[in-house]
1. What are the ³J(HN,Hα) values, in whole Hz, obtained from phi via the Karplus relation 6.51 cos²θ - 1.76 cosθ + 1.60 with θ = phi - 60°, for each residue of segment 380-397 in sequence order, with x given for Gly and Pro?
2. Along the charge dipole of the chain, Cβ charges K/R +1 and D/E -1, which of L261, A401, T69 sits furthest on the positive end?
3. Can you pick out the pairs among K257/K405; K82/K259; K326/K359 whose Cα atoms lie more than 31 Å from each other?
4. Between E248 and K35, what is the label-to-label distance in nm when each label sits 7 Å out along the Cα-to-Cβ direction?
5. Rounded to the nearest 20 debye, what is the charge dipole size of segment 296-471 about its Cα centre when +1 sits on each Lys and Arg Cβ and -1 on each Asp and Glu Cβ?
6. Kindly rank 278-289, 53-64 from highest to lowest mean number of other beta carbons found within 10 Å of each residue.
7. Given +1 on the Cβ of Lys and Arg, -1 on the Cβ of Asp and Glu, and no further charges, what dipole in debye does the chain carry about its Cα centre, rounded to the nearest 20?
8. Please give the residues of segment 304-332, grouped as numeric ranges, whose backbone N is less than 17 Å from a label point set 7 Å along the Cα-to-Cβ vector of N407.
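Readers should treat all values here as calculations from the given coordinates under stated rules, not as data from a laboratory. Keep in mind it's a predicted model, so treat the numbers as computed, not measured. Backbone-built Cβ (ideal geometry, glycine too); neighbour counts: all protein chains shown.
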Amino acid sequence: MKQLFRGGRRKVAAVMAIALVASLSQVAPTNAAEKPKAGGTLQVGIFDSFPGYCMADNLANSALMAGRTIYETWVEQRADGKIVPYVLSSVENSADFKSWKMTVRDGVQFHDGTPVNGDALVTNLQALRGALTLLGKAPSPGTAGGFTANIVDVVKVSTNTVQVNLYRPQVDFLETLYASGRFFVRAPSQILGGAKCSTTPIGTGPFKLVSTKLNELVVAKNPNYWREDANGTRLPYLDGITFTFLVETASRVSGLKSKSLDIAMFTSAGEVKQIRDLQKNKNVTVIESPEEYYPSIWLNNRIAPFNSKNARLAVSYAIDRVDYNKVRNRNYVSPAKSIVGPNNIMYNEKGFIQYDLKKAKEAAAAYKAETGKDLEFSFPYTAGSTESLANATQIQKYMTAAGIKMNLLPLTTAEIIQRAFPQQFQAMALLLMEGTGTAFIAPFVISDTSGGNQSHILRKTPRGALWHSQPVGVH
C-alpha cells in the first residue's frame, strides 16, 4: 500500500457498505441459476493516487486494483496461486524452458476497437523490454526492463501466436509475464501514442476510461467485453465505478458511514484502528486479504550515507519491529523474521537482522569514524496523511535512540512513486517481495537478470543493484 510505514505483513481490508451481486468486474454469481441484476454504479475510496498508465508508471496497490478494471493481463493468477492463460488462450514451453510459445485468445478487442492478436502481443513485450524505446517508438519501460532482461527476442509465429526466446531456462516465466498483475494488456495505440500513453489507458477490461486525474478514476461499462457469466449474460454487471483517492483514513471511514462511499479500501500500514472499528459495525461488510509479505525500508547503496555498510547496519539494527508492530499495528500482524513471507520458497530466518540498540549505536559510531560525519538521511512519507506521518515518526524515534538523524520528507504519493525508480531517495519504504515464488522478487534484489549476457538491452536490473532492503517487520 502507499502508507509508507507498516511494520507488519501486508494486509488489506475492503469495507463495503452494501452487499454486491458478484464482483466489480467479471466473477460470475455463485448460484448459476440465479440471474443477477445488472446496472448501477459504485463510489470507491482508495488510498493511492493515479500518476499514470504507461509502462514506466507504477500504479500502487489500491490504484492498481482500480486500474485493473480497465486492464487485464495475458495470464492470471487463480485463487490457488497457479498462473494460467487469460487473454492468452494457451501457453507452451520447450523442454528446456528457454522458449515459450503463446497464443492469443480469439475475439478479444481493445477498447479502441482494434483486435488483440500476435502483433499486439509483440508490441507489448517489446515495449516492456525496451526494444521499442531504443527505436524511438515508445516511452521508457521503466522497471519492466529488469523483469524482462532474460528475453533474447520476441518472434511472431502466426496471426495469433508469438514465441519468446530466453537467455537462460526459466520455469516460472509465466510469473514474470504476470508481474504481480502489473504487465497489462495495453493497446498498441496507447503504447505508441507518445505522451498519451500515460494519460489515456486503453485495455481489454470490463470497464473503459471515462476520465482520470491524479486523485480520481472514472470508468464505464465496456459493452464489447469478451466474458460472459454462467447464464450467458455479458459482463460486467455494473454500469460504472468512480475511484477516489482519499489520503486521510478518516475520510474513507466517514464516507462509508455517510454512504457517500459504497466501498473503501484500508491497509494495515497504520490503519488498523479504523479496520478494527469497522469490523464492529454491523452496517458494513469487511473482506480481508491474507497476510502476504513485509513492507521494507530500502536503502540506496549508490549514494551516501548508505554506500557505507556501517550505515546500513546501523539503521537495520535500530528498527524495533516488535515495538512498531505493537504501537502502530496493534499486533494486527506479526513482526518480520525474513525478507519474504513464510509462504514464500525463499523464506529463511538465518542471518536476518533483528533489533539490537547496542549494535545500532556501534555501527553508527563506526560510520562516523569511517566518514567523519554523523549518520543522517532523509525519508519520504505521504503528505497530508496523519497515519503515514505517525508511521514515519515512529521509525524516526528508533533512529534517534540510536544516534541517527532521520529527516522526514513530505511528498505526495505520486511524487514518491515517480522518484522511486530511478532512485532519487537516500531511503524509502516499499511494499514489494510478495507472492510465494521468486519471479516478482528477484529483479528487486539481484544486480543482473540477464543470464550472463551483458550485451542485451537494459540488461541491468534498474533497482536491484542499488537497494538494500530491511523489512520494517510485519507478519
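1. The phi angles translate into x, 9, 6, 4, x, 9, 4, 5, 5, 5, 5, 4, 5, 5, 5, 5, 4, 4 Hz.
2. Of the listed residues, the answer is A401.
3. Details: K257/K405 41 Å; K82/K259 37 Å; K326/K359 22 Å.
Violating the 31 Å limit, Cα to Cα: K257/K405; K82/K259.
4. 4.6 nm
5. 200 debye
6. The peptides rank, most packed first, as 53-64, 278-289.
7. 780 debye
8. 304-307
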